[in-house]
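Following: one structure in structure tokens, then a few remarks.
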Amino acid sequence: MRPFRQFLLKLHSRCNLACDYCYVYRHADQSWRTRPRVMSEAVISAAARRIAEHVHAWHLDAVTIVLHGGEPLLAGVGTVRKVTGAVHAAVGPAAKVTFAIQTNGLLLDEAMLDALLDLDIRVGISLDGGRAEHDRHRNFASGAGSFDAVAAALNRLRHDRYRSLYSGLLCTVDVRNDPIDVYESLLAFEPPALDLLLPHGNWTNPPPRRAPGDPGTPYGDWLVTVFDRWYDAPDHRTNIRLFTAIISLLLNRASGYEAAGLDPVDYITVETDGSLEQSDVLKTVAEGAAATGLSVFRNSFDEALQHPGVQARQQGLAALSADCRACRIVRVCGGGHYAHRFRAPDDFANPTVYCPDQKRLIGHIRERVSADLRRAAERPPTAPARSPA
Ligand code: SF4
């Protein structure tokens, strides 16, 4: 059993966008309808006390608090300040507490940025590419696209005064978009890190353009094109976390990234009403699939560690399907995202629905890295290193 080191606090349960792929509002679980809109002071205080309790019980020297939603900034600066104040007061000097926020950026004006700077909260923004790619999905309820507003927020965030807060971009892949156009559009915003996420889906409710069991590799091919562009660039202008995690795992090192490898899950979600939930992405699977039945008011995070769903995601290889356990790249792939393994009614002992794509991407990266390692080992000591394209 491993302790939680990341705590996702749902500050606000609603959003000011109506993205068509949103896992909170557009998938199987509709529990957001019954939740309070904003996390109350009572929930914030109880969550802070539970985090401190967990820090002390496990002698943790560092934890990360991720402010999440819905759209967390809808909760307002006052709520954000209450959270940071409550957690710092409860944890004290026992552990370093890092705060981060994942936002759509729409409320990121200078007053908000000044507050985030004051509170030392790192900012990740969701952006799916240039205007055309982003506005395919990430629209207001009116149907109008949000790209211009997000781009303006990113330009404010990249200003010298706030740049230290900028943690990166999160992009959900749509294989209809040209991968190089998307990559270059994202790079234009100089993200320190880039997360390329596969759209959520599973064997019962498949992701877009991914037929379960089909040997085609539309997502693998898309990611391979981006990988080659990134890997062959003269300088790495961003860290694409999926790719660096796969390279790290191929070199037998830790991944530190949920989407790759067999690292046990180390995060838990606190909803606006204080309920403890597993990965939010399980909301794509079935109504209540992310629920634990626990609450910060009644239960410790140690009790959440005992929950069968959490334990299953801490067991690594032992929790995987027979196909995955026998797979030669399992230590790199890790069986794919837990939610993507689901088959109704309650079966997670499957390879990810993206299995052929995983094999395509990991196989390609292995070939590229192995070829470079061979060349490096065979190079005479005086020969120059590989000159990237
Ligand atoms: S999901 Fe597919 S590629 Fe990944 S470990 Fe399982 S069988 Fe192997």
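The values are calculated or read from the model by the stated rules, or taken from the named source; none is laboratory data. All of these numbers come straight from a predicted model, not from anything done at the bench. Positions of Cβ are generated from backbone atoms using ideal geometry, with glycine treated the same way; all protein chains shown enter the neighbour counts.
Being of a type in the set (Val, Ile, Thr) and closer than 28 Å to residue 275 by Cα is a property that residue 310 has. Looking across region 302-356, just one residue is in contact with a strand residue (DSSP E or B) (Cβ under 7 Å, 6 or more places away or on another chain) and either within 14 Å of the ligand (Cβ to nearest atom) or assigned to a strand (DSSP E or B) (or both), and that is 350. Checking every residue in region 168-182 against the condition of being surrounded by fewer than 17 Cβ atoms within 10 Å (Cβ to Cβ), assigned to a helix (DSSP H, G or I) and not aliphatic (A, V, I, L, M) gives at least one match. It is to be established whether one or more residues within region 268-280 are out of contact with any Asp or Glu (no Cβ under 9 Å at 6 or more places or on another chain), away from the ligand (no atom under 16 Å from the Cβ) and farther than 22 Å from residue 38 by Cβ. So far as region 268-280 goes, yes, one or more of its residues are out of contact with any Asp or Glu (no Cβ under 9 Å at 6 or more places or on another chain), away from the ligand (no atom under 16 Å from the Cβ) and farther than 22 Å from residue 38 by Cβ. Any chance region 265-279 includes a residue that's surrounded by fewer than 20 Cβ atoms within 10 Å (Cβ to Cβ), under 20 Å from the mean Cα position of the chain (by Cα) and within 29 Å of residue 135 (Cβ to Cβ)? Checking region 265-279: not a single residue is surrounded by fewer than 20 Cβ atoms within 10 Å (Cβ to Cβ), under 20 Å from the mean Cα position of the chain (by Cα) and within 29 Å of residue 135 (Cβ to Cβ). Remark: residue 341 falls outside the filter, which requires a residue to be within 20 Å of residue 246 (Cα to Cα) and surrounded by fewer than 18 Cβ atoms within 10 Å (Cβ to Cβ).
Yes/no matrix, rows are residues, columns are (1) touching a Leu at 6+ places or on another chain (Cβ under 8 Å); (2) surrounded by 19 or more Cβ atoms within 10 Å (Cβ to Cβ); (3) farther than 19 Å from residue 208 by Cβ; (4) touching a residue at least 40 places away in the same chain (Cβ under 8 Å):
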position: 125; (1), (2), (3), (4): yes, yes, yes, yes
position: 128; (1), (2), (3), (4): no, yes, no, yes
position: 138; (1), (2), (3), (4): yes, yes, no, yes
position: 150; (1), (2), (3), (4): yes, yes, yes, yes
position: 165; (1), (2), (3), (4): yes, yes, yes, yes
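Test residue 240 against the criterion of being of a type in the set (A, V, I, L, M, F, W, C) and within 30 Å of residue 118 (Cα to Cα), and give yes or no. It is true that residue 240 is of a type in the set (A, V, I, L, M, F, W, C) and within 30 Å of residue 118 (Cα to Cα). Within region 363-372, can one find any residue that is among the β-branched types (Val, Ile, Thr), at pLDDT 90 or above, away from the ligand (no atom under 16 Å from the Cβ) and farther than 30 Å from residue 35 by Cα? So far as region 363-372 goes, yes, one or more of its residues are among the β-branched types (Val, Ile, Thr), at pLDDT 90 or above, away from the ligand (no atom under 16 Å from the Cβ) and farther than 30 Å from residue 35 by Cα.
For region 345-362, a residue qualifies if it is surrounded by fewer than 21 Cβ atoms within 10 Å (Cβ to Cβ), under 20 Å from residue 198 (Cα atoms) and modelled with pLDDT under 95, and exactly one does: 349.
Contact map, region 342-357: first residue among the basic types (Lys, Arg), second residue within 11 Å of the ligand (Cβ to nearest atom), Cβ cut-off under 7 Å, separation 6 or more or different chains; pairs are 343/350. Of the strands (runs of 3 or more DSSP E) contained entirely in region 38-150, not one carries at least 2 residues that are in contact with an Asp or Glu (Cβ under 7 Å, 6 or more places away or on another chain) and farther than 28 Å from residue 278 by Cβ. The single condition among (1) surrounded by 16 or more Cβ atoms within 10 Å (Cβ to Cβ); (2) within 16 Å of the ligand (Cβ to nearest atom) that residue 291 does not satisfy is (2). Among the conditions (1) over 19 Å from residue 199 (Cα atoms); (2) within 19 Å of the chain's Cα centre (by Cα), residue 258 misses just one, which is (1). Taking each residue of region 316-332 that is more than 15 Å from residue 342 (Cα to Cα) and looking for partners that are of a type in the set (Val, Ile, Thr) and within 8 Å of the ligand (Cβ to nearest atom) with beta-carbon atoms closer than 6 Å, six or more apart or interchain, yields 329/362; 332/362.
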